[in-house]
Amino acid sequence: MEEQGKRRLRRVVLVPGPFQGHINPMLQLGSILHSNGFSITVVHTQYNSPDPSTHPDFSFLPLPDSSSALTGEFIPFALQLNINSEARFKECLAGVMRQLGPGDGIACIIYDEIMYFSQAAAMDLKLPSIVLRTGCAAISLTRDVLFQLSAEGHIPFPESKSNDPVPELYPLRFKDLPIMEKLENFLQLLSKASNIGTSSAIIYNTIDCLENSSLAKVQQQCQVPTFAIGPMHRFASASYSSLLEEDSSCLAWLDKQSSSSVIYVSLGSSTYMDAKELVEMAWGLANSQQPFLWVVRPGSVFGAEWIEVLPESFKKNIDERGYIVKWAPQKKILSHSAVGGFLSHCGWNSTLESICEGIPMICRPCYGDQGVNTRYISHIWRVGMELEGELERDEIERAIRKLMVDEEGKEMRMRGKNLKERIEVCTKEDGSSYNSLKELIKMIMSC
Ligand code: UDX
C-alpha cells in the first residue's frame with residue numbers, strides 16, 4: 001500500500017513482546033503503518049531492546065527499570081514483567097501525550113498479547129487498544145480446550161493418550177497441545193493473555209488461505225473484528241529487527257550451490273539442545289550428502305559456547321559442503337534459489353517465511369505453539385513432515401533425503417509452490433490480507 005502524502009497521521013504506540021519471534025512481526029506492523037502515514041512510537045523493555053537505528057523514522061521509548069533478563073523460566077518471567085510494567089507504561093504514555101501537540105494525539109496502542117498490562121494502562125488513560133497475536137489463529141482455539149481439559153483434571157494427560165486426537169481440534173493430537181511447565185502459572189498467563197478486555201480488535205499475522213476455518217471460529221468467539229494481515233514481512237520487506245548480528249557471508253556460499261539443493265537448518269531464537277544432539281545433527285547433515293546451511297546460535301548448546309564440541313572428523317568430512325553461522329539473514333536465505341528445504345523448529349515466523357517461499361519443511365518442534373504449527377504444516381497444508389523422537393543421525397539423514405530427493409519431497413515441493421502462489425494472491429490488491437489491512441488502517445484512522 002502506498003505512502004500517503006507528507007503530513008503524518010496520528011501516532012500509534014506499539015508494545016512488542018521482548019523476544020525475537022515477537023519483535024519481528026510488531027516492527028513489521030510498525031513499518032506497514034508508517035508507510036501508510038502513521039507516526040510510530042515503540043515502547044519496549046530494556047531486555048532484548050530493539051535497535052532504534054534499524055527504524056530511524058520511529059521513536060523508541062524504553063520502559064524504565066525493565067532490564068531484568070529472562071534467566072529462569074519463561075512463564076514466571078512474563079507474569080512478573082506484566083506486574084512490573086503497568087504503572088511504568090502508564091507514566092510513559094502520559095509523557096508521550098504531554099509532548100504531542102493538540103490534534104496530534106495517540107490514535108491507539110497496539111500491544112503483543114503477552115504484554116497485556118498495556119491494555120489495562122490504555123483503558124485507564126481512555127486510549128483505544130488493539131491486540132496483536134503473533135502466533136497462528138489455530139493456537140487461539142486450543143486455549144478454551146486447555147482450560148476445559150484442566151478443569152476436568154485431564155492435564156497432565158497420560159502418555160498413552162499422547163497420540164489420541166483432541167476432540168474439536170483436528171488435526172491436533174494431545175501431544176501437540178501447547179502445554180508448558182507449572183500448569184497453574186501457565187494457565188494464568190494464558191487466561192490473562194487471552195482476555196482482550198476493552199481492546200477493539202485483534203490482529204493476526206496469518207492468512208485467510210491458510211487458516212480460513214480457524215479464523216472464522218476465532219471471529220465467532222471474539223466480539224471484536226479480527227484482521228488477518230499476514231504475511232506481514234511481505235508488506236514490510238525492508239523491516240529489519242534482528243537482535244543478533246546476521247552473518248551474510250553465507251549468501252555468497254549459497255550463490256555457489258546448485259538450484260534447490262541446500263537444506264537450511266535453524267531452530268529459531270529460543271530453543272536449546274545438548275552436545276549429543278548437536279553431534280547427531282552434524283552427522284545427520286553430513287551423511288545426507290546434501291549441501292547444508294546451519295544456524296547454531298551461540299549459547300544454544302548446553303555446556304558449550306558454540307560448535308567447539310563438534311568432532312574434527314566432522315569438520316574434515318563436510319569440507320565445502322556445509323556452512324555454519326551463528327545467525328543468518330533468514331528471509332534472504334529462504335528466498336534464495338539454492339535453498340530446497342528447511343529443517344525448522346516451526347516457530348510461527350519461520351513457518352510463514354518458509355511457506356511464502358514455497359520451501360518444504362522438516363519440522364522439529366520444541367515447545368509452545370511449534371507442535372500445532374507442525375501439525376498444520378504436515379497434515380493440513382502438507383508441505384512438510386515431522387521429525388519425531390530422539391534426535392538421531394540416521395533419522396535426520398533419512399528425513400533430509402526424503403525431503404530433498406524422494407518422490408514424497410517432490411510432492412511437498414509442488415504443494416508448497418501452489419500454496420506460495422495462493423498466498424501471493426492474498427497480498428495483492430483485493431486479496432484477503434490486502435483488504436484486511438485496508439480495513440485495519442481505516443479503523444485506526446477512525447480511533
Ligand atoms: C518464538 C517461539 O519459538 C515460536 O514458537 C513463536 O511462534 C514465536 O516466538 P522463535 O523461536 O523466535 O519464536 O521462532 P520464530 O517465530 O520462527 O521467529 C524467529 C525469527 O528469527 C524469524 O523471523 C526468523 O527469520 C528470524 N531468524 C531466525 C533470523 O533472522 N536469523 C536466524 O538465523 C534465525
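Here are the numbers for the structure shown:
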read-out: Lys/Arg +1, Asp/Glu -1 at C-beta; the chain dipole; positive extreme among Ala236, Leu293, Pro178; value: Ala236
read-out: Of Leu419, Leu310, Leu172, the one that fluctuates the most in a GNM where the chain has Cα springs shorter than 10 Å; value: Leu310
read-out: Gain in span if fully extended, Leu243 to Gln80, counting 0.36 nm per residue against the direct Cα distance; value: 56.4 nm
read-out: Least to most buried among Ser199, Ser39 (fewest other Cβ within 10 Å first); value: Ser39, Ser199
read-out: Spacing of the two label points (7 Å from each Cα toward its C-beta) at Asp104 and Gln148, in nm; value: 5.2
read-out: Using alpha-carbon coordinates, inclination of helix 74-99 to the longest axis of the chain, degrees; value: 40
read-out: Debye, to nearest 20: dipole size of segment 1-111, +1 on Lys, Arg Cβ, -1 on Asp, Glu Cβ; value: 400
read-out: Degrees separating the helix 137-151 axis from the principal Cα axis of the chain, which is the longest one; value: 90
read-out: Among Met443, Trp327, Phe89 the positive-end extreme of the charge dipole of the chain (Cβ point charges); value: Met443
read-out: The chain, dipole about Cα centre (Lys/Arg Cβ +1, Asp/Glu Cβ -1), debye to the nearest 20; value: 1200
read-out: Packing-based exposure ordering (other Cβ within 10 Å, fewest first) of Ser270, Ser191; value: Ser191, Ser270
read-out: Nonlocal amide H pairs with Cys346, under 5 Å, H built at 1.01 Å; value: Arg364
read-out: Sorted by Cβ density within 10 Å, fewest first, the residues Thr45, Thr206; value: Thr45, Thr206
read-out: Helix-only CD estimate at 222 nm, as mean residue ellipticity for the chain, using -39500 (n - 2.57) per DSSP H run (n ≥ 4); value: -13000 deg cm²/dmol
read-out: Considering only the chain, percent of DSSP beta bridges that pair antiparallel, nearest 5; value: 0
read-out: Highest-MSF residue in the chain out of Ile155, Ile423, Ile263 [GNM, Cα springs under 10 Å]; value: Ile155
read-out: Among Cys366, Gly384, Ile307 the positive-end extreme of the charge dipole of segment 249-424 (Cβ point charges); value: Gly384
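Read-outs throughout are calculated quantities, based only on the coordinates presented, and are distinct from any laboratory measurement. These numbers come from a predicted model, not from an experiment. Positions of Cβ are backbone-derived with ideal geometry, glycine not excepted, and every protein chain shown enters the neighbour counts.
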